[in-house]
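Undergrad: First the structure, which I've put down as structure tokens, then a few questions once you've had a look.
The values are calculated or read from the model by the stated rules, or taken from the named source; none is laboratory data. Here the structure is a predicted model, which means the values were calculated and not measured. Backbone-built Cβ (ideal geometry, glycine too); neighbour counts: all protein chains shown.
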Amino acid sequence: MVLFSEPGARWRAVAYGPLLCAVILLVEWLTGSTLHWFALGFCAVAIGGFTVVQVMAGRTHGRVELTDSTLHQGVESLSLDDVAAVLPVEDDDAAQGSPLGALSGVPRRRRGIGLRLVDGRIVQAWAIDHTGLRTALSSALAGSQG
């Protein structure tokens, strides 16, 4: 059962560039100016193509999913059996932990949550809705220990 989820990126972002190009083409048509079919079509395809690559990367490396047994962060999965405790917000050790997800740091727009592992290491889980993830993690750990 999924307790918390953030997709990392949404597919609707792919449509924004091509829609803007369509709006520009519509404005050109309504104002009676020269229609730039080829240029706007090319831009729509190029912007859409680049955005597809970004969304795929975001969904691969920026996704967060917590189930009742596993925390998935990007391309890394951590069994909740390996987590000893969720560290409090004010804990200075939490900021020292290495981020989960095979990343060099906590991704932009996300906040880290310190986790003490059973082996004593400290790592950082992360999410945009970090309070929601913290609550879900605490509940899942309490449920698995009780």
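Undergrad: Just to check your reading of the model, which residue among Ala84, Ala22, Ala15, Ala95 is in the same structural domain as His130 (by TED's automatic domain parsing) and part of a helix (DSSP H, G or I)?
TA: One residue alone meets the criteria, Ala95.
Undergrad: Looking at segment 68-85 only, could you name the residues that are among the polar types (S, T, N, Q) and either buried (at least 16 other Cβ atoms within 10 Å of the Cβ) or in contact with a Gly (Cβ under 8 Å, 6 or more places away or on another chain) (or both)?
TA: Gln73
Undergrad: In addition: Looking only at segment 1-49, how many residues end up being within 30 Å of Leu71 (Cα to Cα) and surrounded by 12 or more Cβ atoms within 10 Å (Cβ to Cβ)?
TA: Looking only at that region, the number is 10.
Undergrad: Among the candidates Arg59, Arg108, Arg134, single out the residue that is exposed (fewer than 14 other Cβ atoms within 10 Å of the Cβ) and either touching a residue at least 12 places away in the same chain (Cβ under 8 Å) or outside any helix (DSSP H, G or I) (or both).
TA: That would be Arg108, the only listed residue that is exposed (fewer than 14 other Cβ atoms within 10 Å of the Cβ) and either touching a residue at least 12 places away in the same chain (Cβ under 8 Å) or outside any helix (DSSP H, G or I) (or both).
Undergrad: Now, a different point. Can you pull out every residue in segment 116-131 that is surrounded by fewer than 16 Cβ atoms within 10 Å (Cβ to Cβ), touching a helix residue (DSSP H, G or I) at 6+ places or on another chain (Cβ under 8 Å) and not in a loop (DSSP other than H, G, I, E, B)?
TA: Result: Leu117, single match.
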